[in-house]
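First the structure, in the form of structure tokens, and then the observations on it.
The values are calculated or read from the model by the stated rules, or taken from the named source; none is laboratory data. All values derive from a computational prediction rather than experimental measurement. Here the Cβ positions follow ideal geometry from the backbone for every residue, glycine too, while neighbour counts run over all protein chains shown. All accessible areas refer to the heavy atoms of the entire protein, side chains included, with ligands and DNA or RNA removed. Shrake-Rupley method; radii C 1.70, N 1.55, O 1.52, S 1.80 Å.
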Amino acid sequence: DGHGSQVLSGPVTVDKDRATDYCYIGDECIPEGTMAPAYKGGNDPSVCEWCVPSVAGLDWSLVDGYALDRDFAEQTEPGQAGWCRGRGCAPDGKPGKSNAFGLRFEEESNGCLKVHEVVLPPDDPSDALSAALANTPGSMPVGEMATAAIAAVRSATDENQGVELAWYWYFGNCDTKAANTNVCADTPSSTAHSMAKLTETALHYGHAMADMKVSMSLSLLADKLAEGSDEVVADLKKDAVAQMLLPFYQCAIQAAYDMDESEKKTVAQADGAACWRVIDGAAGAGFKPDDRAVLDSMFTSSEIGEFNYCSANASLLQNLPAASHRQYANFVRKGTLAIGGWNATAGEWIEGIKGDSNVHVTIVDVANGQPPKQCTFPPPPSPSAPPPPPSPSSKLSSGEIAGIAVGGAIGGLIILGLLYLTIRAVRHKGEKPIFTCLMIAPCVEGGQAKAPAPAPAAV
């Protein structure tokens, strides 16, 4: 197939810890050093994945200094209709499609991104930069490192090494780094990678999308400060700060979820408070006062409620950090970065402009997957208390109780009637005993029968 690969039949076992001459990928033995083929037909081979048997004998390995968005390569990037290398249509430096996070790739990128770093100036570093370089990861709270990095970005000039200072406060300075991602532990960058795994904002080999954008914005900022482009510099600073804050947005939301669901609620609340302090200190007046009050109370109250995740998620997502309307492009083969935007009228991406609909930070940058639980607003009311149980001494049914009540009412009426007759009889003249004149026979006065009145005489 042009790569010297050999088709095999049957299973092959490769020890990734023992160097060999081949990788076994897709039922083929691939010679060491072979670059991965294109994900889509007609595209050039990959520039960021290759066969390194000592690293991964059964899969491709990442070339150092690169990142990979495999979802973009497999699902979004198109293939080419035909082979055009050498006829003026090489992909180097040509803008292609954008991924889910709004980052524009080079044509035929196979999802590869070049990781750009700020190079430490060869001259003597400033005192502030020396302090950042000397900081041992873990000796300073991550939130304080992030706050220092944000302050350095905002105050950066071409003379004060502010970009370099921001870089080392955010990414750290360590001898031992994580495989593939080259991340120093106990730094804002390591927090970004941890949160990216939870929020599905990590690329295929573990790179946090926020970290990729921080490194690109700082690299571009260093160049633009030298050029003196004030408007572009202001946008790059805004974007760098926004991406530095995103891991702390993710952290605060995750902590609020743990406050709802975890048994260690106070630990989760303390984590959330530390992340919220970074956001609160950098957000400024643009953060809505009502939402700020909600988060202040949530992460400081001695009473931990049960609607924390939904409240924190809503309050933070409607107060995303301010960002520009510029789009970043990573030209992986050319090895350069650019900022620009999509022009709908021209139907193309144009370097240097602000796009018609570009937004550098969206909700997808905070969380790209399904939320851990669904939220309903307003929150459901607390369940009402159950009715008290019946008295143990009561053994009558409701029907029996109703019968007793009716009988009592009738008895009361009878008593009232008798009382009325008694009073009437007492007031009658002679105070005759009751019932004496209720008979059909003539009434008796003084015990004697009273003669009836004589009949009238005939006329």
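Against the test of being touching a helix residue (DSSP H, G or I) at 6+ places or on another chain (Cβ under 9 Å) and modelled with pLDDT of 90 or more, the options Ser54, Ser61, Ser46 yield a single qualifying residue, Ser46. Sort out which residues of region 336-361 are part of a loop (DSSP other than H, G, I, E, B) and among the hydroxyl-bearing types (Ser, Thr, Tyr), and write them in order of number. Across region 336-361, the qualifying residues are Thr345, Ser357. Scan region 197-212 and give yes if some residue there is over 20 Å from Gly143 (Cα atoms), among the small types (Gly, Ala, Ser) and open to solvent by less than 50 Å² (accessible area, probe 1.4 Å), otherwise no. Checked against the condition, which is being over 20 Å from Gly143 (Cα atoms), among the small types (Gly, Ala, Ser) and open to solvent by less than 50 Å² (accessible area, probe 1.4 Å), region 197-212 yields at least one hit. Given the structure, is Gly41 on the phi > 0 side of the Ramachandran plot and part of a loop (DSSP other than H, G, I, E, B)? Answer is no for this residue. Enumerate the pairs (first residue in region 30-43 and touching a residue at least 40 places away in the same chain (Cβ under 8 Å); second residue anywhere and part of a loop (DSSP other than H, G, I, E, B) and among the aromatic types (Phe, Trp, Tyr)) with beta-carbon separation below 8 Å, excluding pairs fewer than 6 apart on the same chain, so at least 6 apart or on different chains. Note: pairs meeting the criteria are Ala36/Trp60; Gly42/Trp83.
If I filter region 175-214 down to residues being in a helix (DSSP H, G or I) and charged (D, E, K, R), which single residue comes out as nearest to the chain's Cα centre (by Cα)?
Here is the first cut: in region 175-214, the residues in a helix (DSSP H, G or I) are 188-199, 209-214.
After this cut, where a residue has to be charged (D, E, K, R) as well, the list is 197, 211, 213.
Values: Lys197: 12, Asp211: 17, Lys213: 19 Å.
The selected residue is Lys197.
Tell me, please, whether a residue that is under 20 Å from Thr199 (Cβ atoms), of a type in the set (S, T, N, Q) and part of a helix (DSSP H, G or I) can be found in region 319-335. No, that holds for no residue.
Step by step: first the residues of region 144-186, then only those that are in contact with a His (Cβ under 8 Å, 6 or more places away or on another chain) and surrounded by 15 or more Cβ atoms within 10 Å (Cβ to Cβ), then the one that is farthest from Asp123 (Cα to Cα). Which residue is that? Give the steps one after another, and end with the answer.
Our first condition is that a residue be in contact with a His (Cβ under 8 Å, 6 or more places away or on another chain); within region 144-186, this holds for 178, 180-181, 183.
Next cut, surrounded by 15 or more Cβ atoms within 10 Å (Cβ to Cβ) only: 180-181, 183.
Working: Asn180: 30, Thr181: 28, Val183: 25 Å.
Checked region 144-186; the qualifying residue farthest from Asp123 (Cα to Cα) is Asn180.
Just so you know, in region 339-364 the residues that are touching a residue at least 24 places away in the same chain (Cβ under 8 Å) and open to solvent by less than 40 Å² (accessible area, probe 1.4 Å) include one that is farthest from Phe287 (Cα to Cα), and it is Trp349. Within region 190-235, the set of residues being touching a Lys or Arg at 6+ places or on another chain (Cβ under 6 Å) and either among the aromatic types (Phe, Trp, Tyr) or closer than 15 Å to Val153 by Cβ (or both) comprises Val232, Val233, Asp235. Are any of the residues in region 353-371 among the charged types (D, E, K, R) and at pLDDT below 90? Yes, because at least one residue in region 353-371 is among the charged types (D, E, K, R) and at pLDDT below 90.
Consider region 61-75. How many of its residues are in a helix (DSSP H, G or I) and small (Gly, Ala, Ser)?
Initial filter on region 61-75 (in a helix (DSSP H, G or I)): 70-75.
Next, only the ones that are small (Gly, Ala, Ser) stay: 73.
Counting residues in region 61-75 that are in a helix (DSSP H, G or I) and small (Gly, Ala, Ser) gives 1.
Please work out if Phe299 is more than 18 Å from Met195 (Cα to Cα), buried (at least 22 other Cβ atoms within 10 Å of the Cβ) and modelled with pLDDT of 95 or more. Can you show your working first?
Numbers: more than 18 Å from Met195 (Cα to Cα): yes; buried (at least 22 other Cβ atoms within 10 Å of the Cβ): yes; modelled with pLDDT of 95 or more: yes.
Taking the combined requirement at face value, the residue satisfies it.
Filtered by the rule that a residue be touching a residue at least 40 places away in the same chain (Cβ under 8 Å) and of a type in the set (Lys, Arg), region 131-177 gives a lone residue, Arg154. Total residues in region 282-291 satisfying the condition of being assigned to a helix (DSSP H, G or I), modelled with pLDDT of 95 or more and more than 17 Å from the chain's Cα centre (by Cα): the figure is 3. Restricting region 111-141 to residues that are over 29 Å from the mean Cα position of the chain (by Cα) and either among the charged types (D, E, K, R) or within 30 Å of Glu49 (Cα to Cα) (or both), the residue that is surrounded by the most Cβ atoms within 10 Å (Cβ to Cβ) is Val118.
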